[in-house]
Structures are given as structure tokens and as C-alpha cells.
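Undergrad: Quick one: this structure, given as C-alpha cells, is what I'll be asking you about.
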Amino acid sequence: MSTPSPTKPLVWIVTEGMAGTENQCLGVAEALGVEAVIKPICLRQPRKSLSPYIGFENDDSFIGDHLEAPWPDLVIASGRKSIAAVRYIKKQNPKTFTVQIQDPRIKSSAFDMIAVPEHDPTRGSKVLVTTASPNRITSARLAAAKEEFRSEFEKLPA
């Protein structure tokens with residue numbers, strides 16, 4: 001794990017390990033130009049069977065990567081089960097800036113920022129409404145893929 005420095009913030013991506021939610025968080029981190037440590041988590045029973053929205057998270061609530069100091073400067077999270085982890089991290093270090101991707105369906109006060117797709121109902125001063133989901137597609141990646149597959153596409157009729 002990286003040690004934070006004045007020029008390099010410590011950034012965690014917290015998800016339940018699903019490719020779709022993790023990819024959105026990676027896209028945001030890459031767009032910000034920061035390296036992130038991926039922290040896949042799962043809720044331990046009985047919390048796993050209960051709603052993650054109830055707010056009783058503690059250091060024994062999670063299975064997976066350890067959520068312990070040094071606490072990150074920024075958490076980018078997505079997915080229903082990440083909500084409890086983000087709240088736990090914020091309780092441990094109120095200075096951690098927390099960003100939740102996708103509508104958490106709880107009060108926005110639990111996060112410093114929420115990014116929701118246009119079709120979700122959550123709105124507010126901390127809410128960024130996106131037209132599409134965050135992703136890792138960039139002009140540079142598209143150009144590289146175009147070159148990589150050029151010979152394949154040249155064989156196809158127009």
C-alpha cells in the first residue's frame with residue numbers, strides 16, 4: 001500500500017468487487033490523475049442480511065481488504081455494500097473526502113459528493129448528475145485500439 005505524501009494523495013476505491021462498479025470508480029480515479037488502491041469488501045453476517053443503510057458498521061463489519069489507518073485522503077466508492085464501508089471510513093477519519101458513484105438511496109449528508117446518472121431521483125448541493133456512467137474510455141485508448149485492430153478492420157467491406 002502506498003504511503004501518502006504532500007503531492008500524492010492516498011486514494012481508495014471501495015466496492016464489493018463487481019467489475020461494473022469497480023470500473024466506474026477506476027474511471028473517476030484515472031480522470032483525476034490519481035493512483036488508487038482497490039479495496040474490495042463484503043459485509044459480514046448479520047450485516048450482510050440486513051440493509052447496509054442502518055448505520056451500525058464497526059471494525060468487525062467487513063470481510064475483505066482491511067479498512068484501517070493510514071486512512072485515505074479520498075474514497076471513491078460504488079455499490080450498495082460500499083455504503084457501510086464509506087460511512088465507517090468517514091467515522092474513523094472525518095477528513096477523508098468521500099465520493100459515492102450511483103444513487104446510494106440514503107441522505108446525501110453521509111457523503112461529501114455523490115455522482116448519479118440522470119435517471120436517478122437523488123438531487124442536492126452535493127449531487128453531480130451525469131449523462132452516462134463514469135468509465136475508462138478515453139480518446140487515447142480508442143486511438144490505441146483502432147491501431148491494434150486496424151488490420152482486422154481493413155479486411156472488412158466498407
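The values are calculated or read from the model by the stated rules, or taken from the named source; none is laboratory data. These figures come from a predicted structure and were not determined experimentally. Because the Cβ atoms are built from the backbone with ideal geometry, glycine has one as well, and the counts that use them run over all protein chains shown. What goes into the accessible areas is simple: the full protein's heavy atoms, side chains included, and nothing from ligands, DNA or RNA. Shrake-Rupley method; radii C 1.70, N 1.55, O 1.52, S 1.80 Å.
Undergrad: Within region 41-56, is there a residue that is in contact with a Gly (Cβ under 6 Å, 6 or more places away or on another chain), closer than 11 Å to ILE13 by Cα, touching a residue at least 12 places away in the same chain (Cβ under 8 Å) and not in a helix (DSSP H, G or I)?
TA: Yes - at least one qualifying residue is present in region 41-56.
Undergrad: Quick check, is ASP112 within 17 Å of THR21 (Cα to Cα) and not aliphatic (A, V, I, L, M)?
TA: no
Undergrad: Please name all residue pairs, on different chains or six or more residues apart, with Cβ atoms under 8 Å, provided the first residue is in region 139-158 and is over 28 Å from ALA31 (Cβ atoms) and the second residue is hydrophobic (A, V, I, L, M, F, W, C) and part of a helix (DSSP H, G or I).
TA: none
Undergrad: Return the residue satisfying two criteria in turn: it lies in region 1-37 and is at pLDDT 80 or above and polar (S, T, N, Q), and of such residues it is most open to solvent (accessible area, probe 1.4 Å).
TA: Result: ASN23.
Undergrad: Okay, next question. Based on this model, can you work out whether LEU67 counts as open to solvent by less than 50 Å² (accessible area, probe 1.4 Å) and in a loop (DSSP other than H, G, I, E, B)?
TA: Criteria met by LEU67.
Undergrad: Okay, moving on. Assess whether PRO157 counts as being open to solvent by 70 Å² or more (accessible area, probe 1.4 Å) and not polar (S, T, N, Q).
TA: Answer is yes for this residue.
Undergrad: What number of residues within region 125-136 satisfy the criterion of being without any contact (Cβ under 8 Å) to a residue 60 or more places away in the chain and surrounded by 10 or more Cβ atoms within 10 Å (Cβ to Cβ)?
TA: Adding up the residues that qualify gives 5.
Undergrad: Looking at region 104-111, is at least one residue assigned to a loop (DSSP other than H, G, I, E, B) and either modelled with pLDDT of 90 or more or touching a His at 6+ places or on another chain (Cβ under 9 Å) (or both)?
TA: Scanning region 104-111 turns up at least one residue that is assigned to a loop (DSSP other than H, G, I, E, B) and either modelled with pLDDT of 90 or more or touching a His at 6+ places or on another chain (Cβ under 9 Å) (or both).
Undergrad: Within the group PRO40, PRO70, which residue is under 20 Å from LYS95 (Cβ atoms), at pLDDT 90 or above and of a type outside the set (Gly, Ala, Ser)?
TA: PRO70
Undergrad: For region 33-87, give me each residue that is among the polar types (S, T, N, Q) and within 17 Å of GLU22 (Cβ to Cβ).
TA: Those that are among the polar types (S, T, N, Q) and within 17 Å of GLU22 (Cβ to Cβ): SER78, SER82.
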